[in-house]
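Inspection log for the structure reproduced underneath, given as structure tokens.
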Amino acid sequence: MSPAEAGAIGGRQPQAVRSALAVLEAVAAAGVGVTAKEISTELRIPPATTYRLLNLLVAEEYLVRLPDLRGFALGRRAANLAPAPLSIPTAARTVMEALRTRVRWGAHLAGYVGHRIVFLDPDPDHPPADPEELTRHPHATALGRLLLAEHEEHLPHGALTRLTPGTVVDLTELRLRLAEIAETGIARQCGEFRADYGCLAVPVRAPGDGRLVAGLALTGAAARVATAGVDVVEVLQKHAAELAPLLA
């Protein structure tokens, strides 16, 4: 087969391409953990066809199958379809540097692209967790919970993945925690994502409409995060307020 013949699209191929794109879009809209059955029902595509498309997209790394095999999430190559901004204003970096001189924690600025978490200014001295892993397990992370508290439609479909013995996997309990985050503006996880890992995060909101534009997080040992007091939270919130007009 010649390159021209191999690259040609004919017969039923256009419909197959459209169906694959529809599946990719459905996963992006539904969020982490959507199941094949849910996609099939949503798109009115036969289950056998849905499974074939999902397997193809997983093989090509546009989707990933979750560790518990119950659902799917966007994969590495899907991020290339809508790249997140890789730079922030110099003034915002100055604020982050000032925060790092005030606290002896890892200090990170993260943005949200759809339901994905993207680090805009990770602490060079305290590398953060893999953003793709944070995106896949938002229920177990402080930065993920900030997003879930704002957009419950991004709640994982199906059973929640238990990453450590302390991970909240009961949906009712998780919703209560999200309601508390929505009320207080403070998200905290201590040993739920990784046994030794803790994170304290606050939202960065646009000054005008209050929309969530980023998350400002401190990371450290789980036990240390668990005992972080009001003084630490106030420092974090002060710098989040300084970042807000620079990122909106």
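Figures for the structure shown
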| read-out | value |
| --- | --- |
| Percent accessible area from carbon and sulfur atoms, the chain, protein chains only, probe 1.4 Å | 56 |
| At 1.306 mPa s and 10 °C, Stokes D of the chain from Kirkwood alpha-carbon radius, µm² per second | 82 |
| Given charges at Cβ of Lys, Arg, Asp, Glu: region 71-160 dipole, positive-most of 89, 149, 135 | 89 |
| Using alpha-carbon coordinates, inclination of helix 90-102 to the longest axis of the chain, degrees | 50 |
| Only Lys, Arg (+1) and Asp, Glu (-1) charged, at Cβ; the chain dipole about Cα centre in debye | 340 |
| Most to least packed among 17-26, 180-189 [average Cβ atoms within 10 Å] | 180-189, 17-26 |
| Residues residue 162 and residue 235, FRET efficiency given R0 of 45 Å [Cβ-Cβ distance, rounded to 0.05] | 0.90 |
| Stretch gain in nm, segment residue 22-residue 206, where the contour uses 0.36 nm per residue and the Cα spacing is subtracted | 63.1 nm |
| Cα gyration tensor shape of region 22-62, rounded if a/c is under 1.5, else prolate or oblate by comparing a/b with b/c | oblate |
| Kirkwood estimate for region 97-225, i.e. one over the average of 1/r between Cα atoms, Å | 14.6 |
| Average accessible area per residue (Å²) across region 113-197 - probe 1.4 Å, nucleic acids and ligands excluded | 45 |
| Residue (of 115, 179, 24) at the positive-pole extreme of the chain, dipole from beta-carbon charges | 24 |
| Per residue accessible area in Å² of region 201-248, where ligands, DNA and RNA are left out and the probe is 1.4 Å | 43 |
| Area of residue 172 that stays accessible when all protein chains are in place (1.4 Å probe, Å², to 10) | 90 |
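The values are calculated or read from the model by the stated rules, or taken from the named source; none is laboratory data. All values reported here derive from a predicted model rather than from experimental measurement. Counting neighbours? That spans all protein chains shown, and the Cβs are built from the backbone with ideal geometry, glycine included. Remember, those area values only see protein heavy atoms, side chains included, never the ligands or the DNA or RNA. Shrake-Rupley method; radii C 1.70, N 1.55, O 1.52, S 1.80 Å.
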